[in-house]
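Notes to accompany the following structure.
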Amino acid sequence: MHFLSFLDNSKRDFLYAIRSLRKDRRLVGAAVLALALGIGASTVVFSVFYNLLFNALAAKDAKLLVVPVVEDLQKPGYAGYDSQLWINWADLKYLREHNQLFENLVGSHSGIAAVQYGARMYQLENGHVSPDAFDFYGVAPVLGRGIVGEDGKPEAPPVFVMSYRTWKSEFGGETGIIGQSFVIEGEPTTLIGVMPERFHGFGATQEFWVPVGEQQRSPEAEKRMHVNVLARVKRGVTFAAASAEMDVLVKRLAAMHPDSDDYPKKFTARVVAANEYLMGPSGAATVFNSNIDLKSILYDLLAAVLALLLIACSNVANLLLARTTAREKEMAVRSALGASRWQIARQLLMESLVLALCACAAGCAVAWVAMKAVDATIHQKAWAHMSGEAVVGVNGPVLLFAAGITLLTAVVCGLVPALRATRRDLQPQLVGSAKGAGGGLQHGKVRAALVIGQVALSIVLLIEAGLMTRSLYKLTHIDLGFNAKNILVAAFAPSRNSDQLPDRALMVSPEGHARFQRAVEKIRQVPGVASVAVSNTIPGYGPSGGPRVGVPGETRDVEAGMDECDENCLYTLEMRLIAGRWLSRAEVQTRQLAAVVNERLAHALFGGSSPVGKQLEVKGFKSKFNHSSANLPENAVFEIVGVVGDTKNAGPQAPVFPMAFIPPMITGDFILQVRTKVEPGSMMHAVQEAVWSVDRGEVFWVLGPLAESLEQHTYATPEFGVSLSGPLAGIALLLVVIGVFSVMAYTVSLQTQEIGVRMALGAQQREILQMVLRKGLALLVAGIFVGLFASYALTRFLASQIWGVSATDPWTFGAVVALVVGVGLAACFLPARAATRVDPLVALRYE
């Protein structure tokens, strides 16, 4: 009975709230806009947060998937996430047979393969997987079937599965391609299926997958071929228990292979949730950029959007409080006629709920559109490797979040006005003749505190966005020491078909070298190619390690990278020659012991003196690079012929590593840098065809434009943070403008009689304008001081997400303060200008 009465009263309160709010459409519009922005932005960011951090894998029982990792205990501070378990097939077989807590473990590794379909050749990245890997992952293909365990049997015909991206881009989405025969590494192989669009499974960049059959896994091959491991724990097994068993098993493997480089001397092994690993410091989101990880950015964005929601709630609470002030006489009359505190508070909370429901409808509509745009954006090429298989959209948790946020905002926005309206001192309101006569000093302090809170929170969000933006600008404008524009990077790596490992013997043989030189000459003849250079590293990302080098006869030495280059590297990459000269063509062709050093190495060994003409001793040269020609000495001595400016060789964020550039004589690895006269992406197929005109089956992988690689692997994660934190900060600033304007307008409305009296007594318009602006400026200044103090305390948590900028960067803090003061005064100006136009005769009769 009481419940039915409660429902009936709630219905009447709801209908009355609608009628009451319809009379104040300007306030309703401002309140709904503020809440809609807060709820919409919160819903979008929560969807991104939840789906990327907890739902980025579409696998069967994805929450049970784990990645085994190894932490090297001899490297202090080296996070275990950085070392995914990398073992050979034989050791994976041991783990599968001897574990008790894992449902299954599968292995995969990437390679590059020449693929022929009809008359056309393709160079595609392939994934070699356990035959049961697709059953393990549990995602159905969109066409055909996936790889099954039977496909790994010795008598099974060769088959493969293609990625959706490759099927669309290279083969035009042709459905009749299923069942067709391709030639992969010289072997006819049948395409049996195409995976869904966002299937990453065993590598975000892999373009097709083949099973590693028993016929390919001889005992020797199993020890030589290495894989990354993905596992699924059994139901009911904790990750702690699984980690303990993994630690025991991997240490047992290490004891079985004491001379293997696969295991550190001292280590601990454990498992990490696959979704957490994907978004962590070493996941796909941060391939070359361990300083900034996506998981931390997602948590920062969630905190930021909750702060934004608080701004929206305080904004609406202030509007409702101002409205309640204007209705104090009405509330007093209702109380005098017998209305209880609960009835008055319930009515005001119902009005807040109506506003929240309207805002939720508008906010969810905006969020639905925004989520479509965000989902499409984060799956573009630059960000696809870090967004996984996630779908940023509306699902159960997101709907629950939106509903919860709506109820929360209704309570938060209506609580303060409801409490203020339930005072029992009725006399001031009953005898007052003007709106808000009983508002009093205390009531004004509450509204002021809410405005100050809004400004302070907006300061925090703007400073966070400003620091991240400045950090991204610094990162993208850092001097790399070379010109990455219009550079196409390619890898030339002949392989043994049995295991896809580079055949180094072929690389360094006269036959392999001659074939490679013919291919390079063909590339140089391609229209649109300006120059071609050869080295053994990708510019900007290596080498960041190497042998000890020093001056002959001296004990001092340093670790330095050895980059094998030809005579064209200096000019193709547009590096700076500081002293001496670059390697000559004769030195490169005859493999003379000549070297060019970077400034860092020159300073480390020779201080301020010129190293040109002096000698550089590379210790352990032959033993470290023992796959090269036998006539190299153990400790090789190179003559230094030049010095070049430092180039970033350990990633754009890391300090420059000492490095020497020498003729190609050690590894036989060939990385080509092709400088083009046109957009480099348009030259990819032409460059491949030039190589295949020399050898149709050559493994030649065009990695893509160097600038695009920098964008994808280094800039993408911080760009992601800026792309979301920037709009949040902008919305926060807009809410502050709405809040300050609305409150000042209501304040002027409540003070109309006071302003009229002042003007009747001789106050000038300029004085009235200054009076109102001073009040607004006082609120802004108080909010700015609180915001700066909070930012100073909180930005230290942002330090791991920014680079090249101090967490207390004065330029960012100053710019944000100037921006908030400017827009805040602009928001105050219109109400202040309206106050100067009050007619004293009308104001003195104002009620």
Item to complete: Compute the separation of the alpha-carbon centres of the range 454-468 and the range 122-167 and state it in Å as a whole number.
Response: 49 Å
Fill in: Point-charge dipole on Cβ atoms (K/R +1, D/E -1) for the range 114-174, about Cα centre, debye to 20
240 debye
Worksheet item: Which of the trypsin sites (Lys or Arg not before Pro) found in the range 510-567 are loop residues per DSSP with 16 or fewer other Cβ atoms within 10 Å of their Cβ?
Response: 556
Worksheet item: Using θ = phi - 60° and the Karplus form 6.51 cos²θ - 1.76 cosθ + 1.60, what ³J(HN,Hα) does each residue of the range 165-180 get, whole Hz, x for Gly and Pro?
Response: 4, 5, 4, 6, 6, 9, 10, x, x, 6, 6, x, 6, 5, x, 7
Discussion item. Once each part is reduced to its C-alpha centroid, what is the distance from the range 533-594 to the range 221-265 in angstrom?
Written reply: 38 Å
Worksheet entry | Under Karplus coefficients 6.51, -1.76 and 1.60, residue-wise ³J(HN,Hα) of the range 109-121 in Hz, glycine/proline x | 8, 9, x, 10, 9, 7, 10, 10, 10, x, 9, 9, 9
Worksheet entry | Karplus-derived HN-Hα couplings along the range 459-465 (A = 6.51, B = -1.76, C = 1.60, θ = phi - 60°), whole Hz, x at Gly and Pro | 4, 4, 5, 5, 5, 4, 5
Worksheet entry | Cα shape, the range 159-208, gyration tensor, a/c 1.5 rule | oblate
Worksheet, complete the sentence: In terms of the alpha carbon gyration tensor, root eigenvalues a ≥ b ≥ c, rounded if a/c is under 1.5 and otherwise prolate when a/b exceeds b/c or oblate, the range 99-197 is prolate
Worksheet, complete the sentence: Dividing the mean separation of Cα pairs under 8 Å (6+ apart) by the residue count of the range 91-168 yields a relative contact order in percent of 19 percent
Discussion item. If you take every residue apart from residue 209 with its C-beta less than 12 Å away from the C-beta of residue 209, what net charge results, scoring Lys and Arg +1 and Asp and Glu -1?
Written reply: -3
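Bear in mind that the values in this text are calculations on the coordinates, not laboratory data. Source: prediction; values computed, not measured. Note that we place each Cβ from the backbone using ideal geometry, even for glycine, and neighbour counts take in every protein chain shown.
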